[in-house]
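This report concerns only the one structure given below.
The values are calculated or read from the model by the stated rules, or taken from the named source; none is laboratory data. Source: prediction; values computed, not measured. Quick reminder, even Gly has a Cβ in these numbers, built from the backbone with ideal geometry, and neighbours come from all protein chains shown. The protein model used for the area step is the full one, side chains on, heavy atoms only, and it has no ligands, DNA or RNA in it. Shrake-Rupley method; radii C 1.70, N 1.55, O 1.52, S 1.80 Å.
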Amino acid sequence: MAEVLWRPHPGPQTSALSRPEGEVLMGGGRGSGKTSCALAWILRWVNNPRLRFLVIRRNSRDLDDWVDRAKQLWPKVDPRVEFVQGEVRFGTGAIGRFGHLHDEDAYEKYQGHEYQKMLFEELTHIPSEELYLKIKGSCRSTVEGLRPQVFATTNPDGPGTRWVKKRFVDVAKHGERYTDQYGNTRVYIHAIVEDNPTLVENDPGYIQYLDSLPGDLKKAWREGSWDLLEVKGSYYANYIKELREKKQITKVPYDRSALVHTWWDIGIGDSTVIIFFQQIGREWHIIDCHDASGEGLQYYVGIIKSKGYLYGNHYAPHDIENRELSAGAMSRKQVAAQLGLYFQTVPRLSIDDGIQAVRTRFNILWIDEEKCEKLIEALYNYRKEFDETRQVWKSKPLHDWTSDFADALRYWAVTDFKERTGTSLSSKRLQEKIRNNPHSAVIV
């Protein structure tokens, strides 16, 4: 009789391993047996020599811990298995790769690959759904008998908590399949420490530890609650929460009696972000936001015109005045002017001063929750960089996808308010502007 090396416990572990959906998330409380389940999930297909799988964790230290656990279990199943330089090779010919997301470039390096199975450990450590989808795009199969599938585990406590909750937890009840408009399926399997009798029996003190945790941390780790937690090291998470509580993140309509001003973060290699503001009395309304990458100024001028807003001023950071060889020694500001877009340059202040300026002005902001969803998510997750070696927060912000949005808002906050007066138009002046610009495409 063959030795049983590992058997899933009845409940969430058994359920998660049997699910056929394209994306399976096993999440909730700590100690619930998610990692053991993930290790076993991979083993279901290693007898296929054409299997290629990818295991992803956010940082290298946690990935090393995960691989150590794999080394304890997988050789018992296949004594010929070898772990070498970020890969695992089974005696059957199946190959797995291990990756950690140390910077934003890491999300791009899997493009063009084929992995029939993908495993994301601690999914909420990936800060945005967009970055997750970049990697997931390589989960596909040309191998008969290997259907592409993602298996993910997580606790609800990372910078990506909001998008993971929205994608997996909010769309259907725990254990029920969700099918999107394109026929893609996913499911969320909830688990807590009691669903892992092995841990409960061998370490009863762990439950006491979880019970002793304070407030929100106990809800997340003990109960597996998806009530939103503050992102660790976040500059603006509490301010975003306050705006939500005060109903200042809501539907914010375009007011045709006021000009629209834009603040830009123009990326070279990064995304370009444009935030659209209106000043209504003492309030500043963010009515729209646009971001893209790999596009020239002509593209963004087209975006400005396509909105149909009546514009006042356009603001950009000081580096718009840098000259570029590709533009015949002209600055980007001069190139933009040739395209009919005239920029004003914002004051050059330190990042710390800019962050403080944003904080002092959050109370006068109203943000459109639909058109600015990505901006809101970025501001919530904009945070300090963490030194994994020393286990301390650095004094500078982490540079990732959130930075471009946060920078654009920072440029608004440091612009002299005296330059932003006269934005409300009398009916006569408004009619005159519309008469001079009958298509209401762009006023620059």
Q: Can you give me the number of residues within the stretch 279-313 that are surrounded by 13 or more Cβ atoms within 10 Å (Cβ to Cβ), closer than 25 Å to residue 377 by Cα and aromatic (Phe, Trp, Tyr)?
A: 3
Q) Can you name the residue in the stretch 107-124 that is surrounded by fewer than 16 Cβ atoms within 10 Å (Cβ to Cβ) and without any contact (Cβ under 8 Å) to a residue 40 or more places away in the chain and is also nearest to the chain's Cα centre (by Cα) among such residues? A) 108
Q. Out of all the residues in the stretch 183-203, is one or more modelled with pLDDT of 95 or more and aromatic (Phe, Trp, Tyr)?
A. yes
Q) Residues 89, 97, 80, 61: which one is within 29 Å of the chain's Cα centre (by Cα), at pLDDT 90 or above and open to solvent by 40 Å² or more (accessible area, probe 1.4 Å)? A) 97
Q) Considering the stretch 163-179 alone, what residues qualify as being open to solvent by 30 Å² or more (accessible area, probe 1.4 Å), assigned to a loop (DSSP other than H, G, I, E, B) and of a type outside the set (Val, Ile, Thr)? A) 170, 173, 174, 176, 177
Q. Just checking, which of 99, 22, 29 is under 30 Å from residue 173 (Cα atoms) and in contact with a Gly (Cβ under 8 Å, 6 or more places away or on another chain)?
A. 29
Q) With the stretch 348-408 as the region, which strands (runs of 3 or more DSSP E) entirely inside it contain at least 1 residues that are modelled with pLDDT of 95 or more and crowded, with 22+ Cβ neighbours inside 10 Å? A) 365-368
Q: Tell me which residues, restricted to the stretch 241-254, are crowded, with 17+ Cβ neighbours inside 10 Å and either modelled with pLDDT under 95 or over 22 Å from residue 161 (Cβ atoms) (or both).
A: 252, 254
Q. What are the residues in the stretch 301-321 that are over 12 Å from residue 274 (Cβ atoms) and of a type in the set (Val, Ile, Thr), if any?
A. 320
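Is there a residue being in contact with a Leu (Cβ under 6 Å, 6 or more places away or on another chain), farther than 21 Å from residue 370 by Cα and open to solvent by 20 Å² or more (accessible area, probe 1.4 Å) anywhere in the stretch 210-217?
Within the stretch 210-217, one or more residues are in contact with a Leu (Cβ under 6 Å, 6 or more places away or on another chain), farther than 21 Å from residue 370 by Cα and open to solvent by 20 Å² or more (accessible area, probe 1.4 Å).
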Q. Which of the residues belonging to the stretch 201-223 are within 19 Å of residue 169 (Cβ to Cβ), part of a helix (DSSP H, G or I) and over 20 Å from the mean Cα position of the chain (by Cα)?
A. 216, 217, 218, 219, 221
**Q.** Residues of the stretch 125-140 satisfying the condition of being surrounded by fewer than 20 Cβ atoms within 10 Å (Cβ to Cβ) and in contact with a Pro (Cβ under 8 Å, 6 or more places away or on another chain)
**A.** 140
Q: Could you list all residues from the stretch 19-58 that are β-branched (Val, Ile, Thr), within 15 Å of residue 191 (Cβ to Cβ) and open to solvent by less than 10 Å² (accessible area, probe 1.4 Å)?
A: 24
Q. Residues in the stretch 111-119: is at least one basic (Lys, Arg) and farther than 20 Å from residue 43 by Cβ?
A. no
Q: Tell me, please, whether a residue that is of a type in the set (Lys, Arg) and within 30 Å of residue 237 (Cβ to Cβ) can be found in the stretch 110-133.
A: no
